[in-house]
1. Please state the Cα pair-distance histogram of region 20-105 with 5 angstrom bins from zero: what percent is in each bin?
2. In the chain, if the dipole is taken from +1 on Lys/Arg beta carbons and -1 on Asp/Glu beta carbons about the Cα centre, which of P52, L174, S145 is farthest to the positive end?
3. Counting helices only, and only those DSSP H runs with n ≥ 4, report the 222 nm mean residue ellipticity of the chain as the sum of -39,500 (n - 2.57) divided by its residues, in deg cm²/dmol to the nearest 500.
4. Explain nothing, just the number: dipole magnitude of the chain about its Cα centre with +1 on each Lys and Arg Cβ and -1 on each Asp and Glu Cβ, in debye rounded to the nearest 20.
5. Taking only the alpha-carbon atoms of the chain, what semi-axes of the equivalent ellipsoid follow from 5 times the gyration tensor eigenvalues under a square root, in whole Å, largest first?
6. Go through region 39-132 and name the chymotrypsin sites (Phe, Trp or Tyr not before Pro) that are in a DSSP coil and have 13 or fewer other Cβ atoms within 10 Å of their Cβ.
7. Could you work out the local net charge near N119, counting Lys and Arg as +1, Asp and Glu as -1, over the other residues with Cβ closer than 10 Å to its Cβ?
8. Please list, or write none, the aspartates and glutamates whose alpha carbon is within less than 15 Å of the alpha carbon of K50, excluding same-chain residues fewer than 8 places away.
Amino acid sequence: MVADSTNPLGSDALEGTRALVTGSSRGIGADTARYFAAAGASVVINYRSKAPRAEKLAAQIEADGGRAIAVGADLTDAESRATMFATIREAYGGLDLLVLNASGGMEKDMGDDYALRLNRDAQVATLDGAVELMDPGARVVFVTSHQAHFIDTTPTMPEYEPVARSKRAGEIALLERVPRLTERGIGFVVVSGDMIEGTVTATLLNRLSPGALEARREEAGRLYNVAEFAAEVARAAVDPIPEGNLRLVGDTSSFIGGGTVVPEAQEA
Ligand SMILES: NC(=O)c1ccc[n+]([C@@H]2O[C@H](COP(=O)([O-])OP(=O)(O)OC[C@H]3O[C@@H](n4cnc5c(N)ncnc54)[C@H](OP(=O)(O)O)[C@@H]3O)[C@@H](O)[C@H]2O)c1
C-alpha cells in the first residue's frame, strides 16, 4: 500500500478493492485515485487524451507500493468504453468502486451536443458498463458542482450554463438508476462542491467571467482546494450513504434550496 500521511481514508480502508476513477489524469480525479491507492485499492486511472500524465500518475502510485493502471478511453464512445471495461476485467477481474468524475463541455470543436453526450449520456453508459463488473457491496460516486446541482433554481455564469445543465441532466438520469442499483446491492452517492481553487475549469471561468472566483470565495466564506475536495469524494466512497444520496460539500447557503453541509459525523 502507498505510504501517505495525507490519506483521508486510513491505510487499509480499501485493501483488496478495485476502483475506476474516470478522468483521473489530472485535478480532482487524480487526487481521488491517489487517496484510493493510499488506502489499498487497485486503481484504474482513466483519461481521454493525456496519456503521459495518466501513465506518470500510475507509475508514481506503483513506485509508492500501490497498484494502478492507466486506461485511455473517450467515455462518449461506446467502443472505447467497451475496450476499457475489457481491460479492467482482464487486469483486476471486477470493480468495487466507480467514481464518475470525468467532465467537460467547454472544449472547442466538439459539437453543440458534446456537453450532454459527455455529462449525461456517457455517465449513464459508463455506469451501466461498470455495473456488469460489480458485486453487491460496490459503490458508485458521481461528482458534480453546486453550480450544476442547483442550476434549476440558482443562475450561474453564462459560459458554464450549458455544462451545468448537462451535468444536472446527468445527475437526474443517474438517480433514475438508483432503485435498480439498490436491488443489486450497489450504493450510489452524488458529491457536489463549489468552484474549486486551483482547477483548470475554475481558472478558465474566472478568465471568462472576471471576479467570479473571488465572488464565490466571499459568498461561501472559503473555497475548497483540489486535495480537500478530492478527500470528500474519496470519503463518499466509504461513508454511509447520505440522505437523498447527496453529499453537499462546503457552504451552500447562497444557492437557492441549499443550506446543507457535510455532517460532522461523516468527516474523517
Ligand atoms: N473544477 C471545479 O471548480 C469543480 C467544482 C466542483 C465540482 N467539480 C467536478 O469535479 C470533477 C473533476 O473536475 P476537474 O476540474 O478536476 O476536471 P478537469 O481538470 O477538467 O479534468 C477532466 C478530466 O476528465 C477527463 N475527460 C474529459 N473528457 C473526457 C472524455 N470524453 N472521456 C474520458 N475522460 C474525459 C480528462 O482527461 P484528459 O485530460 O486526458 O483529456 C481529465 O482527466 C468534474 O465532475 C467537475 O464537474 C469541479
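All of the numbers you see were taken from the coordinates with simple rules; none came from a lab. Because the structure is predicted, anything quoted here is derived from the model rather than measured. Cβ placement follows ideal geometry from the backbone for every residue including glycine, while neighbour counts extend to all protein chains displayed.
1. Spelled out per bin, shortest first, that is 3, 17, 29, 28, 17, 5, 1, 0.
2. Projecting each Cα onto the dipole axis, the largest value belongs to P52.
3. -11500 deg cm²/dmol
4. Rounded to the nearest 20 debye, it is 340 debye.
5. They are 27, 21, 19 Å, listed largest first.
6. In loop regions of region 39-132 (DSSP not H, G, I, E or B), there are no sparsely surrounded chymotrypsin sites (Phe, Trp or Tyr not before Pro).
7. For residues surrounding N119, the net value is +3.
8. D74, E107
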